[in-house]
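I have placed the structure first, in the form of structure tokens, so that the comments after it can refer back to it.
The values are calculated or read from the model by the stated rules, or taken from the named source; none is laboratory data. Everything quoted here is computed from the prediction, not taken from an experiment. FYI the Cβ positions are ideal-geometry reconstructions off the backbone, even for glycines, and counts take in every protein chain you see. Just the protein is used for accessible areas: all its heavy atoms, side chains included, with ligands, DNA and RNA removed. Shrake-Rupley method; radii C 1.70, N 1.55, O 1.52, S 1.80 Å.
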Amino acid sequence: METSKRYRFGTWATEMVMILVALLFLVPFYFLFVNSVKSFGDLLTDSAAWPQTFVWSNYARAWSITRFPEALWNSLVVTVVSNLLLVLISSMAAYRMVRRPTRYNRVLFSLFVAAMVIPFQSVMIPLVKVVSTLDLMNSISGLVICYLGFGAPMSIFLFHGFVKGVPVEVEEAATVDGCTPYGVFFRVVYPLMLPMMVTVIILNTLWIWNDYLLPSLVLQKAELRTIPIATYAFFGQYTKQWDLALPALVLGILPVIVFFLAMQKYIIQGIMAGSVKG
């Protein structure tokens, strides 16, 4: 009986701690949403207070100034196309490296892993030079190619660990049944990678959707701006329009929050599958 009481108390205490930690992490969202419907004066007076009057016109003005539908479309195209290419190319590369462990493939995989620790700022200037030389500046396709290069190391690393857990016997049986190497991959191995695919898509979406630095280097034209670049228009050298920037931030994070909440159950499943089978 005493052990049961201690167990219930420990469970209750753990749940309370988890609730408090969750509330702590939700505090920034409170400030973001609450201040997005305040006037500029009320926002500066007391940013933590509940709005006395809800100024919903802030959203309409932010929508118009940022040309939000255009920025949303650009962000969607970049994120979706980059994810599709990363999942396809990275999964194929990882599969080849695992099933053909030659010296060349081992060295190549080591280079991909090493690339994960290189900070973006150290290659920023050479990147701009290369992109300009290849005539990819002010191009959505150029930005997608950059994301493909920077996102491939982590994606290949995750797929590499997952492929090690796929039984070789399944592929051998498919080969006996007449499958070509591409047929074995796309008909047998590729469907088994679904948990890791979802994980890679989620992680890359959170990165690409919220990225500001890389699009600001590659995209200079106003009609090509993604959401983070469009939001930055409210921050000048002498003025900061918080009453418009915060609604723009809310509009920008809502799609990715909905996507994350819908797909979050796959994150731990996929990461665990890729980490314990190496």
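Points to keep in mind about this one:
- Assessment of the stretch 116-125 against the conditions (surrounded by 17 or more Cβ atoms within 10 Å (Cβ to Cβ), in contact (Cβ under 8 Å) with a residue 12 or more places away in the chain and under 27 Å from residue 78 (Cα atoms)) yields no matching residue.
- Of the residues in the stretch 150-167, at least one is under 26 Å from residue 232 (Cα atoms) and of a type in the set (A, V, I, L, M, F, W, C).
- There is no residue in the stretch 45-65 that is in contact with a Gly (Cβ under 9 Å, 6 or more places away or on another chain) and in contact (Cβ under 8 Å) with a residue 24 or more places away in the chain.
For every residue, the table says whether it meets (1) open to solvent by less than 30 Å² (accessible area, probe 1.4 Å); (2) touching a Gly at 6+ places or on another chain (Cβ under 7 Å); (3) more than 30 Å from residue 145 (Cβ to Cβ); (4) among the small types (Gly, Ala, Ser).
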| site | (1), (2), (3), (4) |
| --- | --- |
| 156 | yes, no, no, no |
| 162 | yes, yes, no, no |
| 183 | yes, no, no, yes |
| 186 | no, no, no, no |
| 190 | no, no, no, no |
| 194 | no, no, no, no |
| 201 | no, no, no, no |
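- Listed here are the helices (runs of 4 or more DSSP H) enclosed by the stretch 1-94 that have at least 1 residues being in contact with a Ser or Thr (Cβ under 8 Å, 6 or more places away or on another chain), modelled with pLDDT of 85 or more and open to solvent by 60 Å² or more (accessible area, probe 1.4 Å): 2-35.
Conditions tested, residue by residue: (1) in contact (Cβ under 8 Å) with a residue 12 or more places away in the chain; (2) of a type in the set (Val, Ile, Thr).
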site	(1), (2)
149	no, no
162	yes, no
175	no, yes
197	yes, no
